[in-house]
Amino acid sequence: MEDKYHLTREQNVFIAKRNIVDYIWKSANLEGIGVTYPETQAIYDGGVVNGLTVENVISINNLKYAWQFILEEPGIKDNFHVLCCIHKLVADKLVLEQHLGKLRTTPVQIGGTKWQPTFPFETQIKEEMEEILSQTEKTTTEIAIEIMLYIMRKQMFIDGNKRVAMLFANKIMIDHGCGIISIAQENQATFYEKLIKYYETGNWDELKQWIYDYCIDGMELNA
């Protein structure tokens, strides 16, 4: 699984900023936040959008702040602490204030399947994350996809796990100039179908290859 793009971090940040509203919109829709692209653009620009819930507006702004964090903070490490920082930015602060950046302590249910994730333990998560992130025989792109899928299935937070997982993976991708992971609207049904299968089996091979084939965004720029 080779890296598809070979950019500098600055080039990758440029591409991300140019398309950031699109990435926020797709990420929001992936988690069932019902906003249109024009509404996302208006919220991102600080405008007032009629007809949306306060929660939807907050969710878009939270994604904006989280994207700004991963784009404007070069040099921060890829670890559990940063993962929790991203969750603090992404999660719904009106509902989950006491849970921001903290591992869940209650069971969660996953829509579309009877499978339930086990309770998360910090020591185990740190070890498993380090095992994935320290693989020297794999490319950055493959590692980023694997850590994203690991976080999604682990369901370590009470809310926002897919958003956190994708942002953390994209931090890795952008820091190494490998493009951006983004799931287009027309691919989201297929993504969920494969995600449920991965949840139930624990085998990420099919989903990992599909994401690599269809969900890596970027372009080659002259250095």
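Quick look at the numbers
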quantity: Neighbour-count order for His99, His81, His6, His87, fewest beta carbons within 10 angstrom listed first; calculated: His81, His6, His99, His87
quantity: Total charge dipole magnitude, the stretch 1-154, about the Cα centre, Cβ charges on Lys, Arg, Asp, Glu only, Debye to nearest 20; calculated: 320
quantity: Choice from Trp204, Trp67, Trp115 with maximal GNM fluctuation in the chain (Cα, 10 Å cutoff); calculated: Trp115
quantity: Candidates Val48, Val21, Val35: whichever shows maximal mean-square fluctuation once the chain is modelled as a Gaussian network with Cα springs under 10 Å; calculated: Val48
quantity: Euclidean distance between Cα centres, the stretch 1-46 to the stretch 153-223, Å; calculated: 13
quantity: Dipole-positive endmost among Ile145, Asn161, Ile174 within the stretch 119-198 (Cβ charges, Cα centre); calculated: Asn161
quantity: Chain lengthening between Val54 and Ala184 when straightened (0.36 nm per residue, less Cα-Cα); calculated: 44.3 nm
quantity: Sites Asn61 and Thr140, calculated FRET efficiency, Cβ-Cβ separation with R0 45 Å, nearest 0.05; calculated: 0.95
quantity: Label-point gap, in nm, between Thr106 and Lys4 - each point 7 angstrom along Cα→Cβ; calculated: 3.8
quantity: Debye, to nearest 20: dipole size of the stretch 1-71, +1 on Lys, Arg Cβ, -1 on Asp, Glu Cβ; calculated: 140
quantity: Fluctuation leader among Met129, Met152, Met173 - the chain, Gaussian network, Cα springs under 10 angstrom; calculated: Met129
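Values in this text are rule-based calculations from the coordinates and carry no lab data. The shown structure was predicted, so the numbers you read here are calculated from the model rather than taken from an experiment. Every residue, glycine as well, gets a Cβ built from its backbone with ideal geometry; the counts of neighbours run over all protein chains shown.
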